[in-house]
Amino acid sequence: MVSMHLVPMLPVRSMPAAVDFYRRLGFEVEQRNDQWRWARVALGDCRLMLDESIDVHPGAPRSGVLYLYPDDVAGYHAMVRGNGVEVPALETTFYGMTEFRIADPDGNRLWIGQEGAALPSAAPDAGG
């Protein structure tokens, strides 16, 4: 059997701005090459590559979704909000996930959730 892992590469308009955004989500920079306008960021076992060179159609709408699974969605939600990212309130979906949805500065959609997590009481909404 073949073993592999997946690291999505997201097209971005500004690698430095994308790195700043993902840092506020708790990611750390593993590698960065300003000459290439490319970086790889990590949070736990999750890895993403951010690359300006593959953004050949910067005005095109983004249609993909990355689903992130933190161990504690309520705690992660509070950390992201505390880092200055505008995030909507946590919601429980019809499919049993407690989640929130945001987009990065380039329109890449991020859905962040945990199965079976209870909504925290009095979770304030940040307007979204």
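The values are calculated or read from the model by the stated rules, or taken from the named source; none is laboratory data. In this text, all values refer to a predicted model and were calculated from it rather than measured experimentally. As a convention, Cβ positions derive from the backbone with ideal geometry for all residues, glycine included, and neighbour counts pool all protein chains shown.
Being in a loop (DSSP other than H, G, I, E, B) and touching a Leu at 6+ places or on another chain (Cβ under 8 Å) is the filter here, so list the residues in segment 92-110 that pass it.
Those that are in a loop (DSSP other than H, G, I, E, B) and touching a Leu at 6+ places or on another chain (Cβ under 8 Å): ASP104, ASP106, ASN108.
Is there any pair with a first residue in segment 13-31 that is at pLDDT 95 or above and a second that is in a strand (DSSP E or B) and not aliphatic (A, V, I, L, M) whose Cβ atoms are under 6 Å apart and which are 6 or more apart or on different chains, and what are they?
Pairs that qualify, where the first residue is at pLDDT 95 or above and the partner is in a strand (DSSP E or B) and not aliphatic (A, V, I, L, M), are GLU30/ARG40; GLN31/ARG40.
Scanning segment 68-112 for residues that are buried (at least 18 other Cβ atoms within 10 Å of the Cβ), touching a Phe, Trp or Tyr at 6+ places or on another chain (Cβ under 7 Å) and not aliphatic (A, V, I, L, M), which turns out farthest from PHE21 (Cα to Cα)?
Only one residue tops the list, namely GLU99.
Is segment 41-59 home to any residue that is over 30 Å from SER121 (Cβ atoms), modelled with pLDDT of 90 or more, exposed (fewer than 15 other Cβ atoms within 10 Å of the Cβ) and β-branched (Val, Ile, Thr)?
No: zero hits.
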